[in-house]
Amino acid sequence: MVEPHGERRRFELPRVRDQESWIDVWQPFFQRVEADAVFEALCSESSFERRSIRLFGREVTQPRGIAWAGDLPYTYSRSTLDPRPWPSTLQRLRTIVAEVVGQDYNHALLNLYRDGLDSMGMHSDDEVELGALPTIVSFSFGVTRHLTVRAKHENASPEPRHSYRFELAHGDLAVMGGAMQRDYLHGVPKSRKVEGPRLNVTFRRIVIDSRS
Ligand SMILES: O=C(O)CCC(=O)C(=O)O
(Lines give C-alpha, C1' and ligand atoms only; values in the text may rest on other atoms or scores of the structure.)
Protein backbone atom coordinates (compact mmCIF):
# COMPACT_ATOMS: atom_id res chain seq x y z
CA MET A 1 0.00 0.00 0.00
CA VAL A 2 1.27 3.46 -0.86
CA GLU A 3 1.33 5.87 2.03
CA PRO A 4 0.16 9.30 0.90
CA HIS A 5 2.16 12.08 2.54
CA GLY A 6 -0.57 14.65 3.04
CA GLU A 7 -3.86 14.45 4.85
CA ARG A 8 -7.08 13.63 3.03
CA ARG A 9 -9.46 16.57 3.44
CA ARG A 10 -13.05 16.65 2.22
CA PHE A 11 -14.84 19.72 0.87
CA GLU A 12 -18.58 19.22 0.69
CA LEU A 13 -20.18 21.37 -1.99
CA PRO A 14 -23.71 22.62 -1.34
CA ARG A 15 -26.20 19.94 -2.26
CA VAL A 16 -28.04 20.78 -5.50
CA ARG A 17 -30.37 17.78 -5.75
CA ASP A 18 -30.76 14.45 -3.95
CA GLN A 19 -27.04 13.65 -3.50
CA GLU A 20 -23.96 15.28 -2.01
CA SER A 21 -21.10 16.48 -4.22
CA TRP A 22 -17.60 16.58 -2.81
CA ILE A 23 -13.91 16.99 -3.54
CA ASP A 24 -11.27 15.21 -1.50
CA VAL A 25 -7.75 16.59 -1.66
CA TRP A 26 -4.38 15.38 -0.46
CA GLN A 27 -2.04 18.37 -0.32
CA PRO A 28 0.42 17.01 -1.11
CA PHE A 29 0.06 13.34 -1.97
CA PHE A 30 3.67 13.08 -3.26
CA GLN A 31 6.49 14.92 -1.57
CA ARG A 32 8.55 17.24 -3.72
CA VAL A 33 11.37 14.90 -4.77
CA GLU A 34 8.95 12.12 -5.66
CA ALA A 35 6.59 14.53 -7.45
CA ASP A 36 9.55 15.88 -9.48
CA ALA A 37 10.50 12.33 -10.54
CA VAL A 38 6.94 11.36 -11.49
CA PHE A 39 6.45 14.63 -13.43
CA GLU A 40 9.66 14.09 -15.40
CA ALA A 41 8.95 10.41 -16.09
CA LEU A 42 5.38 11.09 -17.27
CA CYS A 43 6.60 13.79 -19.65
CA SER A 44 9.33 11.61 -21.13
CA GLU A 45 7.07 8.55 -21.50
CA SER A 46 4.22 10.43 -23.21
CA SER A 47 3.85 12.03 -26.61
CA PHE A 48 1.59 15.04 -26.35
CA GLU A 49 -0.61 16.33 -29.12
CA ARG A 50 -2.92 19.28 -29.59
CA ARG A 51 -6.29 18.14 -30.82
CA SER A 52 -9.24 19.82 -32.40
CA ILE A 53 -12.55 19.28 -30.67
CA ARG A 54 -16.08 20.39 -31.44
CA LEU A 55 -17.31 23.03 -29.04
CA PHE A 56 -20.67 24.79 -29.42
CA GLY A 57 -20.74 23.67 -33.08
CA ARG A 58 -17.23 24.93 -33.95
CA GLU A 59 -13.90 23.14 -34.47
CA VAL A 60 -11.38 24.55 -32.00
CA THR A 61 -7.84 23.51 -31.07
CA GLN A 62 -7.64 22.56 -27.41
CA PRO A 63 -5.61 25.13 -25.45
CA ARG A 64 -3.35 22.45 -23.94
CA GLY A 65 -1.53 19.29 -24.99
CA ILE A 66 -2.97 15.86 -24.32
CA ALA A 67 -1.71 12.29 -24.08
CA TRP A 68 -3.51 9.24 -22.74
CA ALA A 69 -3.60 5.54 -21.96
CA GLY A 70 -6.71 3.43 -21.77
CA ASP A 71 -8.15 -0.04 -22.06
CA LEU A 72 -11.35 1.25 -23.73
CA PRO A 73 -12.12 4.20 -26.00
CA TYR A 74 -13.16 7.47 -24.38
CA THR A 75 -15.09 10.11 -26.32
CA TYR A 76 -15.55 13.69 -25.17
CA SER A 77 -16.48 16.79 -27.16
CA ARG A 78 -16.92 14.43 -30.15
CA SER A 79 -13.25 13.46 -30.12
CA THR A 80 -12.43 9.78 -29.49
CA LEU A 81 -9.30 8.66 -27.69
CA ASP A 82 -8.68 5.10 -28.87
CA PRO A 83 -7.27 2.49 -26.47
CA ARG A 84 -3.52 2.90 -25.86
CA PRO A 85 -1.00 0.97 -23.77
CA TRP A 86 0.00 2.16 -20.32
CA PRO A 87 3.56 3.51 -19.95
CA SER A 88 5.20 2.29 -16.73
CA THR A 89 4.84 5.45 -14.62
CA LEU A 90 1.19 5.87 -15.56
CA GLN A 91 0.59 2.23 -14.72
CA ARG A 92 2.22 2.85 -11.33
CA LEU A 93 -0.11 5.79 -10.69
CA ARG A 94 -3.04 3.62 -11.75
CA THR A 95 -2.11 1.05 -9.10
CA ILE A 96 -1.83 3.79 -6.47
CA VAL A 97 -5.23 5.18 -7.44
CA ALA A 98 -6.86 1.74 -7.15
CA GLU A 99 -5.42 1.35 -3.64
CA VAL A 100 -6.39 4.83 -2.48
CA VAL A 101 -9.86 5.04 -4.04
CA GLY A 102 -10.75 1.35 -3.84
CA GLN A 103 -11.68 0.75 -7.47
CA ASP A 104 -9.78 0.08 -10.69
CA TYR A 105 -9.53 2.83 -13.28
CA ASN A 106 -9.14 1.98 -16.97
CA HIS A 107 -8.42 5.36 -18.57
CA ALA A 108 -5.95 8.16 -17.87
CA LEU A 109 -5.85 11.50 -19.65
CA LEU A 110 -2.79 13.74 -19.33
CA ASN A 111 -3.37 17.46 -19.79
CA LEU A 112 -0.24 19.54 -20.32
CA TYR A 113 -0.71 23.27 -19.71
CA ARG A 114 2.40 24.93 -21.17
CA ASP A 115 1.86 28.14 -19.20
CA GLY A 116 -0.89 30.29 -17.71
CA LEU A 117 -2.45 30.89 -21.13
CA ASP A 118 -3.30 27.22 -21.55
CA SER A 119 -6.56 26.33 -19.87
CA MET A 120 -9.56 24.04 -19.64
CA GLY A 121 -13.08 25.38 -20.09
CA MET A 122 -15.88 24.70 -17.62
CA HIS A 123 -17.29 21.21 -18.20
CA SER A 124 -18.33 18.09 -16.36
CA ASP A 125 -17.18 14.53 -16.89
CA ASP A 126 -20.70 13.25 -17.48
CA GLU A 127 -20.26 11.14 -20.61
CA VAL A 128 -22.52 8.10 -20.81
CA GLU A 129 -19.47 5.73 -20.86
CA LEU A 130 -18.62 6.81 -17.30
CA GLY A 131 -21.95 5.66 -15.87
CA ALA A 132 -24.01 7.54 -13.28
CA LEU A 133 -22.20 9.64 -10.64
CA PRO A 134 -18.58 8.75 -11.56
CA THR A 135 -15.69 9.35 -9.19
CA ILE A 136 -12.86 11.15 -11.02
CA VAL A 137 -9.30 11.14 -9.71
CA SER A 138 -6.67 13.68 -10.67
CA PHE A 139 -3.00 14.36 -9.89
CA SER A 140 -1.30 17.72 -10.39
CA PHE A 141 2.38 18.33 -11.12
CA GLY A 142 4.26 21.53 -11.88
CA VAL A 143 3.05 25.06 -11.24
CA THR A 144 0.02 25.70 -9.03
CA ARG A 145 -3.25 26.32 -10.89
CA HIS A 146 -6.82 26.86 -9.73
CA LEU A 147 -9.63 24.41 -10.31
CA THR A 148 -12.83 26.44 -10.52
CA VAL A 149 -16.11 24.74 -9.62
CA ARG A 150 -19.67 26.00 -9.98
CA ALA A 151 -23.18 24.59 -10.01
CA LYS A 152 -24.59 23.63 -13.41
CA HIS A 153 -28.25 24.31 -13.37
CA GLU A 154 -29.91 27.66 -13.70
CA ASN A 155 -32.21 27.08 -10.78
CA ALA A 156 -29.45 25.66 -8.63
CA SER A 157 -28.80 26.74 -5.09
CA PRO A 158 -26.09 28.04 -4.74
CA GLU A 159 -26.74 30.08 -7.83
CA PRO A 160 -24.58 29.01 -10.79
CA ARG A 161 -22.45 32.16 -10.89
CA HIS A 162 -21.09 31.41 -7.41
CA SER A 163 -17.78 29.63 -7.88
CA TYR A 164 -15.39 27.75 -5.61
CA ARG A 165 -11.64 27.71 -6.17
CA PHE A 166 -9.30 24.89 -5.28
CA GLU A 167 -5.57 25.51 -5.47
CA LEU A 168 -3.85 22.45 -6.94
CA ALA A 169 -0.07 22.33 -6.47
CA HIS A 170 2.85 20.03 -7.35
CA GLY A 171 2.18 16.51 -6.04
CA ASP A 172 -1.47 17.12 -5.03
CA LEU A 173 -4.24 14.59 -5.54
CA ALA A 174 -7.90 15.54 -5.95
CA VAL A 175 -10.87 13.16 -6.08
CA MET A 176 -14.22 14.50 -7.29
CA GLY A 177 -17.13 12.38 -6.20
CA GLY A 178 -20.78 12.04 -5.29
CA ALA A 179 -23.01 13.96 -7.70
CA MET A 180 -20.29 16.44 -8.67
CA GLN A 181 -20.21 15.52 -12.38
CA ARG A 182 -24.01 15.64 -12.57
CA ASP A 183 -24.57 18.86 -10.64
CA TYR A 184 -21.36 20.90 -11.00
CA LEU A 185 -19.00 22.13 -13.70
CA HIS A 186 -15.25 22.42 -13.26
CA GLY A 187 -12.40 23.97 -15.25
CA VAL A 188 -8.93 25.48 -15.11
CA PRO A 189 -9.07 29.16 -16.12
CA LYS A 190 -6.27 31.09 -17.79
CA SER A 191 -4.02 33.06 -15.51
CA ARG A 192 -1.58 35.65 -16.81
CA LYS A 193 0.28 35.53 -13.49
CA VAL A 194 1.27 31.87 -13.95
CA GLU A 195 4.58 30.99 -15.55
CA GLY A 196 5.72 27.47 -16.26
CA PRO A 197 4.05 24.20 -17.12
CA ARG A 198 1.53 22.09 -15.24
CA LEU A 199 0.67 18.47 -15.88
CA ASN A 200 -2.66 17.06 -14.82
CA VAL A 201 -3.36 13.32 -14.90
CA THR A 202 -7.03 12.42 -14.70
CA PHE A 203 -8.19 8.85 -14.13
CA ARG A 204 -11.60 7.71 -15.28
CA ARG A 205 -13.42 4.44 -15.05
CA ILE A 206 -15.18 3.66 -18.33
CA VAL A 207 -18.05 1.29 -17.66
CA ILE A 208 -19.59 1.16 -21.14
CA ASP A 209 -17.57 0.05 -24.16
CA SER A 210 -18.74 2.42 -26.91
CA ARG A 211 -17.58 -0.08 -29.60
CA SER A 212 -20.17 -2.70 -28.68
O1 LIG B 1 -6.38 20.07 -15.08
C2 LIG B 1 -7.23 19.79 -14.23
O3 LIG B 1 -7.00 19.82 -13.02
C4 LIG B 1 -8.64 19.42 -14.67
C5 LIG B 1 -8.68 18.30 -15.67
C6 LIG B 1 -10.06 17.98 -16.12
O7 LIG B 1 -11.00 18.62 -15.72
C8 LIG B 1 -10.34 16.91 -17.07
O9 LIG B 1 -9.42 16.21 -17.56
O10 LIG B 1 -11.54 16.71 -17.38
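Looking at the stretch 133-161, which of its residues are aliphatic (A, V, I, L, M) and at pLDDT below 95?
Result: Ala151, Ala156.
Going through the stretch 79-97 one residue at a time, which ones are under 23 Å from Val38 (Cβ atoms), part of a strand (DSSP E or B) and not aliphatic (A, V, I, L, M)?
Once the filter is applied, which keeps residues that are under 23 Å from Val38 (Cβ atoms), part of a strand (DSSP E or B) and not aliphatic (A, V, I, L, M), the stretch 79-97 yields only Arg84.
Out of Trp22, Trp68, Trp86, which single residue is modelled with pLDDT of 95 or more, within 14 Å of the ligand (Cβ to nearest atom) and out of contact with any Ser or Thr (no Cβ under 7 Å at 6 or more places or on another chain)?
Step by step, each of Trp22, Trp68, Trp86 is checked, and only Trp68 is modelled with pLDDT of 95 or more, within 14 Å of the ligand (Cβ to nearest atom) and out of contact with any Ser or Thr (no Cβ under 7 Å at 6 or more places or on another chain).
Name the single residue that is farthest from Pro197 (Cα to Cα) among those in the stretch 58-83 being among the hydrophobic types (A, V, I, L, M, F, W, C) and surrounded by 16 or more Cβ atoms within 10 Å (Cβ to Cβ).
Leu72
Please specify each residue of the stretch 155-197 satisfying the condition of being buried (at least 18 other Cβ atoms within 10 Å of the Cβ) and among the acidic types (Asp, Glu).
Of everything in the stretch 155-197, those that are buried (at least 18 other Cβ atoms within 10 Å of the Cβ) and among the acidic types (Asp, Glu) turn out to be Asp172, Asp183.
Can you find a residue in the stretch 66-82 that is hydroxyl-bearing (Ser, Thr, Tyr) and over 19 Å from the mean Cα position of the chain (by Cα)?
No; the residues of the stretch 66-82 include none that is hydroxyl-bearing (Ser, Thr, Tyr) and over 19 Å from the mean Cα position of the chain (by Cα).
Just to be sure, is Arg50 within 22 Å of Gly142 (Cβ to Cβ) and within 16 Å of the ligand (Cβ to nearest atom)?
yes
Taking the stated definitions as given, is Pro85 out of contact with any Leu (no Cβ under 6 Å at 6 or more places or on another chain) and under 17 Å from Leu168 (Cβ atoms)?
So Pro85 does not fit the description; no.
Looking at the stretch 39-57, which of its residues are in a loop (DSSP other than H, G, I, E, B) and over 19 Å from the mean Cα position of the chain (by Cα)?
Once the filter is applied, which keeps residues that are in a loop (DSSP other than H, G, I, E, B) and over 19 Å from the mean Cα position of the chain (by Cα), the stretch 39-57 yields Phe56, Gly57.
Condition first: more than 25 Å from Gly178 (Cβ to Cβ) and not charged (D, E, K, R). Now tell me which residues in the stretch 86-109 satisfy that.
Correct list: Trp86, Pro87, Ser88, Thr89, Leu90, Gln91.
In the set Val100, Val60, which member is in a strand (DSSP E or B) and more than 15 Å from the ligand (Cβ to nearest atom)?
Unique residue meeting the criteria: Val60.
Do the conditions hold for Val33, that is, is it part of a strand (DSSP E or B) and either loosely packed, with under 15 Cβ neighbours inside 10 Å or not basic (Lys, Arg) (or both)?
For Val33, the condition - part of a strand (DSSP E or B) and either loosely packed, with under 15 Cβ neighbours inside 10 Å or not basic (Lys, Arg) (or both) - is not met.
What pairs come out if I take residues in the stretch 65-78 that are over 13 Å from Glu129 (Cβ atoms) and assigned to a loop (DSSP other than H, G, I, E, B) and pair them with residues that are within 13 Å of the ligand (Cβ to nearest atom) and of a type outside the set (D, E, K, R) whose C-beta lies under 7 Å away, six or more apart or interchain?
Correct list of pairs: Ser77/Ile53; Arg78/Ile53.
Of the residues Phe29, Phe56, which is modelled with pLDDT of 95 or more and of a type in the set (Phe, Trp, Tyr)? Full working, then the answer.
Working: Phe56 fails: modelled with pLDDT of 95 or more.
Phe29 is the lone residue from the list that is modelled with pLDDT of 95 or more and of a type in the set (Phe, Trp, Tyr).
Output the residues belonging to the stretch 183-212 that are acidic (Asp, Glu) and either more than 19 Å from Thr75 (Cβ to Cβ) or in contact with a Cys (Cβ under 7 Å, 6 or more places away or on another chain) (or both).
Of everything in the stretch 183-212, those that are acidic (Asp, Glu) and either more than 19 Å from Thr75 (Cβ to Cβ) or in contact with a Cys (Cβ under 7 Å, 6 or more places away or on another chain) (or both) turn out to be Asp183, Glu195.
The values are calculated or read from the model by the stated rules, or taken from the named source; none is laboratory data. What you see is a predicted model, and the numbers here were worked out from it, not measured in a lab. Every residue, glycine as well, gets a Cβ built from its backbone with ideal geometry; the counts of neighbours run over all protein chains shown.
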